Every structure is written in C-alpha cells, then in structure tokens.
Amino acid sequence: MKADSQEYQVVVVGAGNTGLGAALAAREEGARVLLLEKAPIEWRGGNTYFTGGGIRFAFQGMEQFIKLVPDLSKSELDSMVVPDYPTSQYYSDLMRVTEGLADPELIQILVNESYPAMLWLQRKGIRFVLQWSRQAFKIGDKYHFWGNLPLEAVGGGKGLVDDLFAIAEKDGVEIRYQTKAVRLLQNQRGGIRGVTVQGPEGFEDIATRSVILASGGFEANSEMRTRYLGPGWELAKVRGTPYNTGDGIRMALEIGAMSYGNWSSCHAVAWDLNAPPYGNLHIGDLYQKHSYPYGLIVNIEGKRFVDEGADLRNYTYARYGREILKQPQRAAFQIFDAKVTHLLRDEYRIPQVTKAEASTIRGLAEELGIAPEAFERTIQEYNAAVQPGEFNPTVLDGKCTKGIDPPKSNWALPMDTPPYYGFAVTCGITFTFGGLRIDKLAHVLDTEERPIPGLYAAGELIGGLFYYNYTGGAGLTAGAVFGKIAGASAAGYAAQKHG
Ligand SMILES: Cc1cc2nc3c(=O)[nH]c(=O)nc-3n(C[C@H](O)[C@H](O)[C@H](O)COP(=O)(O)OP(=O)(O)OC[C@H]3O[C@@H](n4cnc5c(N)ncnc54)[C@H](O)[C@@H]3O)c2cc1C
C-alpha cells in the first residue's frame with residue numbers, strides 16, 4: 001500500500017451522478033479524492049448517462065424556480081404554467097407511491113435538500129432547461145407543466161455526465177477508468193483503511209481513510225436479479241449500463257453492513273420489445289414508451305391488465321414494467337388512435353421503434369400478432385364503458401370507464417378513430433430498490449445499526465427510499481442529495497485524527 005503522506009482521504013467507487021457529486025463535495029472540503037470507475041471511458045457515467053436528465057425538486061414560488069433557469073425570456077415565462085411543488089407535497093407523493101413504506105428520515109432529507117442540491121449543482125456549473133416536450137402540454141395559449149418535473153439538465157443525461165466530469169477534472173478529482181473496486185479493507189477496529197481494486201495492471205491495494213460507495217444497484221446482474229427479484233427477471237432487458245452488477249452492495253455486506261429496503265422490487269418500465277439486452281449509448285432512454293395514459297395496453301391475448309390512467313405517468317411508469325414481465329412472452333402492446341398521436345412523446349418516432357399501423361382494430365391485431373377476436377372484444381367493451389367528460393392530459397381529468405376490469409381511471413377516450421397504432425414493448429429494468437442502510441450523514445450502518453467507520457454510500461445502492469414504485473426524477477435527486485452529503489461526511493471524517 002502507498003505511504004501515509006500519499007494516502008487518499010476519500011476514494012469514491014462509481015462515477016455516475018452520485019459518485020461525481022460526492023467527489024466534488026469531498027474536494028470542496030479539501031480532501032484528496034480518487035474516483036474509481038469500472039467502465040472504460042466511453043461508457044463512463046453509469047445509468048446517469050442514459051437518463052433524460054429530468055430531476056425532481058421542491059420549490060415554492062416562481063422566484064425560487066426562475067433562479068434555476070435564469071435565461072428564460074419574458075415571453076417564455078408568460079407562456080407557461082408551472083405549479084409550485086412544496087416539500088410537503090414531494091414528501092407525500094413519495095409516501096403515497098411507496099405505500100407508506102419509505103424511510104421517513106431519508107425521504108425528509110431528500111425532499112428538504114432537493115432545492116439546495118439544485119442550486120449547488122448550478123453553482124458548480126450544471127445548467128437546467130425546461131422539459132417543454134416531455135412534461136408539458138399546450139392548452140389554449142399556455143404550456144401547462146404537469147407532474148412536478150419541469151426541469152432537465154442541459155444535454156440530458158449525457159450533458160449532465162460530460163459537464164460533471166469536466167468540473168471534477170477541473171476541481172482536481174483524480175479519476176481511474178476500467179478500475180473496479182473489489183474489496184473493502186478494514187483495520188483492527190473495523191474502520192476502513194483501504195480498498196482493493198482491479199484495473200488494467202491487475203490487483204492493487206489503495207490506502208484511504210474513507211470510501212464512498214456509489215456504484216449503483218444490481219440491475220445488470222442477471223443472477224442477483226433472479227435471486228432477489230424472482231424467477232423471470234433474468235430475462236428482463238437492462239435499460240442502462242451493463243456495469244451496475246451490485247459490487248458495492250456485495251462488498252459492504254461482506255464486511256457486515258446491514259441490508260435495507262425493498263430487495264424484491266425495482267424500477268422497471270415499458271421498453272421496446274426489440275431493444276438490445278443493455279442500454280445503447282446512442283439511443284439513450286428512447287426505447288422507453290411512456291405515453292400509455294392516452295391509449296390502452298393489451299397483452300398478446302388481447303387483454304388489458306393495468307389501469308393505464310391510474311395516475312399521471314410520472315407516478316405509474318416505474319411499476320408497469322413489472323406488470324409487463326408477468327404477461328405471456330413478457331410482451332405488451334400500447335394502442336393509440338389518431339385522436340391522440342399528437343400527444344405521443346418523441347420516443348415513439350425513432351426509426352428503431354417496433355410498431356404497426358392499420359385502419360382497423362383487427363388489422364392491427366394481425367400486424368402485431370395479438371389474438372384478433374379477443375382484442376376486438378376488449379376494444380368494444382372498453383369503448384362501451386367510456387364515460388362522458390372533458391379530456392385534459394395535464395391533470396387527473398376523471399374521464400374514466402365504468403363496469404370493466406381493470407378500469408381506466410383518467411383520460412379514457414374511445415378507441416374509434418383510424419388509423420390505429422400499436423407499439424410492442426417488454427420489461428426494461430432501470431434500477432433495483434434494495435441496498436445498504438445509511439444514516440442521515442450517509443454513513444453505512446452495520447447489522448447492529450452502528451456506523452462502519454469510514455464507510456459511506458449514496459445513490460442507487462442505498463435501500464429505504466423507494467418501495468414498489470417511485471416518483472419520476474427522484475433518482476437523480478437522491479444521487480445528488482446523498483452524494484453531496486456523503487462527500488462532505490467522508491472528507492470530514494478523513495480529516496479527523498484517528499488513533
Ligand atoms: C434509461 C434510464 C433513464 C433514466 N431517466 C431518469 C431521469 O430522467 N431522471 C432520474 O432522476 N433518474 C433517471 N433514471 C435513474 C437514474 O439513472 C439513477 O437513479 C441515477 O443515475 C443513479 O445514479 P448513480 O450515480 O447512483 O448510479 P450510476 O449513474 O449508474 O453510476 C454508477 C457507476 O458505478 C460504476 N461501478 C459499478 N461497479 C463498480 C465498481 N466495482 N468499481 C467502480 N465503479 C463501479 C458503474 O460503471 C457506473 O458508472 C434513469 C435510468 C435509466 C437507466
């Protein structure tokens with residue numbers, strides 16, 4: 001191991017949004033920081049690279065909001081409606097979608113620190129823009145932002161990653177690619193004294209006073225998926241990086257860390273049936289198909305199996321991938337008619353999409369390989385169940401069905417205007433919900449709930465934030481908030497004298 005004078009104070013494992021933020025926060029405290037990234041440079045950025053860069057934060061009043069997007073012109077400001085998002089609403093949204101199971105202390109920190117984290121990122125050099133096309137609809141002369149996710153990082157996930165790396169390099173964070181952490185090293189008292197890595201030159205022990213684990217969940221590890229999420233999960237497509245194989249979780253559990261959270265569940269969405277097994281760096285998140293609230297979803301037998309309009313898409317999409325995996329051949333079809341195609345997101349128009357178009361419902365079934373009679377019956381029954389009411393995609397409009405199961409609770413327009421379009425999807429896993437237990441300083445706790453000295457964790461690999469479901473845009477926020485806390489905590493700990 002290296003001599004003490006050259007020792008790193010903080011080693012960060014994993015260079016996504018979380019690890020980069022943690023490294024920057026530790027540098028702010030004056031620590032010598034090494035950032036380890038398992039992937040080669042062209043795959044850097046982890047799942048963060050694949051995101052749309054949409055990030056959920058609480059704010060109160062346009063003054064606070066505009067601070068994050070200071071370049072908006074007067075005419076842009078006049079043309080948009082962005083509802084406030086108080087911390088209390090963010091908190092209750094998280095509790096609502098997680099069935100009240102989310103760790104109250106952790107999510108309170110997440111929501112309270114979300115706006116300060118945005119300001120901090122901005123101070124560091126990250127810029128934000130409005131999600132005009134993904135999170136707003138024009139009604140009358142105004143764009144109405146729905147679902148409390150109005151901003152994204154400039155350039156989406158790729159832009160965010162490129163900017164964070166540039167800032168980290170400028171701020172003096174040392175970065176090693178193709179170098180994975182494989183084992184945590186402890187001293188006699190159980191505190192962190194180093195980390196074993198494996199890089200192009202082989203194995204090496206690196207001395208450090210603290211380690212921050214930010215290496216993502218186990219979504220890209222088919223064995224762990226099957227073990228924890230259950231049979232069939234080895235067959236899910238992975239939406240993002242192939243490198244998040246649960247290493248950080250495994251290393252911490254090996255030295256006695258406590259497991260925490262919803263190990264048998266995950267974030268999974270509707271993803272193109274013919275997408276590759278892992279994310280594609282050029283396509284990014286565009287294999288996703290997120291406009292189903294304005295249409296219907298059927299399986300290959302022609303039957304519906306979820307309430308497409310149960311809630312705004314930001315609060316249902318992360319759990320519907322799991323429902324698709326349960327269907328025959330792990331396949332589903334999103335069906336739209338000509339009345340709503342203008343509402344479909346850009347991802348429906350990429351050349352790599354698996355879709356069919358027909359002038360009749362039966363013709364569409366034949367094109368897509370859906371059982372035709374059952375499909376026609378489903379559409380007839382659905383159309384007969386549609387209730388009158390005003391359609392409005394920016395709110396829960398209450399325009400619903402009556403007498404069918406599952407119901408469609410909002411945005412229920414009759415399926416009656418050709419041409420009809422069908423998009424074939426399967427389950428794409430985003431990230432896993434189970435992980436390590438941390439305290440409010442991002443310290444990793446052991447099985448007796450005591451902090452493991454020098455060990456911190458943040459991002460996808462912590463448990464306790466999300467159960468069964470998720471609020472769109474909270475993943476990047478969780479990484480930014482807890483990464484920043486972990487960086488400051490680890491640097492503070494490393495600066496102390498240890499006997
Ligand atoms: C297609 C897609 C779209 C998404 N869209 C959004 C969105 O718009 N908004 C949002 O909030 N969230 C979104 N998410 C979720 C979001 O990506 C995650 O919540 C967030 O990026 C996690 O950040 P992270 O830093 O914890 O993990 P990651 O960004 O995945 O980074 C983990 C890094 O650790 C590295 N690593 C793994 N093992 C080791 C090891 N042993 N040693 C060293 N390095 C290691 C990996 O290579 C990777 O680079 C999306 C995810 C996907 C896949």
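Taking label points 7 Å from Cα along the Cα-to-Cβ direction, Gln329 and Val154 give a separation of 4.6 nm.
With the simple spin-label model, which puts each label point 7 Å out from Cα in the Cβ direction, the Ser259 to Phe305 separation comes to 2.7 nm. Computed with a 1.4 Å probe over protein heavy atoms only, the accessible surface of the chain comes to 38 Å² per residue. Electrostatic tally near Phe391: other residues with Cβ closer than 11 Å to its Cβ, Lys and Arg +1, Asp and Glu -1, net 0.
Using 0.36 nm per residue and subtracting the Cα-Cα separation, the extra length available between Glu105 and Val395 on full extension is 101.4 nm.
Taking the accessible area of the chain, probe 1.4 Å, and keeping the other protein chains in place, the carbon and sulfur fraction comes to 49%.
A straight Cα-to-Cα reach below 28 Å connects Lys355 with the lysines Lys138, Lys158, Lys237, Lys289, Lys303, Lys326, Lys339, Lys399, Lys408, residues fewer than 8 places away in its own chain not being considered. Whole-Hz Karplus values for the stretch 111-116 come out as 6, 5, 8, 5, 5, x Hz, taken residue by residue from phi with 6.51 cos²θ - 1.76 cosθ + 1.60 and θ = phi - 60°; glycine and proline positions read x. Near Met224, once Lys and Arg are set to +1 and Asp and Glu to -1 for all other residues with Cβ below 15 Å from its Cβ, the sum equals -3. For the pair Lys402 and Leu281, the difference between a 0.36 nm per residue extended length and the Cα-Cα distance amounts to 39.2 nm.
Give me the net charge for the shell around Thr471: Cβ to Cβ below 14 angstrom, other residues only, Lys and Arg +1, Asp and Glu -1. Could the numbers behind the result be given before it?
On the way: positive: Arg56, Arg96, Arg313, Arg319; negative: Asp93, Glu99, Asp311.
Once all neighbours under 14 Å are counted, the net charge is +1.
Residue by residue, the stretch 274-290 carries 3J(HN,Hα) couplings of 9, 5, x, x, 10, x, 10, 4, 8, 8, x, 8, 7, 6, 5, 9, 10 Hz when phi is fed to the Karplus relation 6.51 cos²θ - 1.76 cosθ + 1.60 (θ = phi - 60°); x denotes Gly or Pro.
May I ask you to derive the FRET efficiency for Ile350 and Glu234 from their Cβ-Cβ distance with R0 = 22 Å, giving the value to the nearest 0.05? According to the calculation, E is roughly 0.25. When you restrict to C-alpha pairs under 8 Å that are six or more residues apart and normalise by the size of the chain, the relative contact order lands at 24 percent.
Apply the a/c threshold of 1.5 to the C-alpha gyration tensor of the stretch 293-391 and tell me whether it is rounded, prolate or oblate.
On the way: a/c = 1.15, a/b = 1.06, b/c = 1.08.
Because its axes are fairly even, with a/c under 1.5, the stretch 293-391 counts as rounded.
Under 5 Å between amide hydrogens, built in the peptide plane, is the criterion, and for Val182 it picks out Thr196, Val197, Gln198 among residues at least 5 positions away or on other chains. Residue by residue, the stretch 188-193 carries 3J(HN,Hα) couplings of 4, 8, x, x, 6, 10 Hz when phi is fed to the Karplus relation 6.51 cos²θ - 1.76 cosθ + 1.60 (θ = phi - 60°); x denotes Gly or Pro.
Divide by every residue of the chain the summed helix terms, -39500 (n - 2.57) for each DSSP H run of at least 4, and state the resulting mean residue ellipticity at 222 nm, rounded to the nearest 500 deg cm²/dmol.
Values: 14 runs with 140 residues, N = 499.
After summing the helix terms and dividing by the residues of the chain, the value is -8000 deg cm²/dmol.
Ignoring lysines fewer than eight residues from Lys440 along the same chain, the ones with Cα atoms less than 28 angstrom from its Cα are Lys38, Lys67, Lys124, Lys180, Lys484, Lys497. A full extension of the chain between Thr417 and Asn383 corresponds to an added length of 11.1 nm, given 0.36 nm per residue minus the alpha carbon distance.
In this Cβ point-charge picture (+1 for Lys and Arg, -1 for Asp and Glu), the chain has a dipole of about 440 debye about its Cα centre.
Between the stretch 82-109 and the stretch 134-201, the C-alpha centres lie 23 angstrom from each other. Remark: the Cα gyration tensor places the stretch 268-317 in the oblate category, a/c being 1.5 or greater and a/b not exceeding b/c.
Here the contact order of the stretch 281-420, divided by its residue count and restricted to Cα pairs under 8 Å and six or more residues apart, works out to 31 percent.
The values are calculated or read from the model by the stated rules, or taken from the named source; none is laboratory data. All of these numbers come straight from a predicted model, not from anything done at the bench. Using ideal geometry, Cβ is built from the backbone for each residue, glycine included, and neighbour counts are taken over all protein chains shown. For the accessible areas, the whole protein counts, side chains as well, though only heavy atoms, and no ligand, DNA or RNA atoms are used. Shrake-Rupley method; radii C 1.70, N 1.55, O 1.52, S 1.80 Å.
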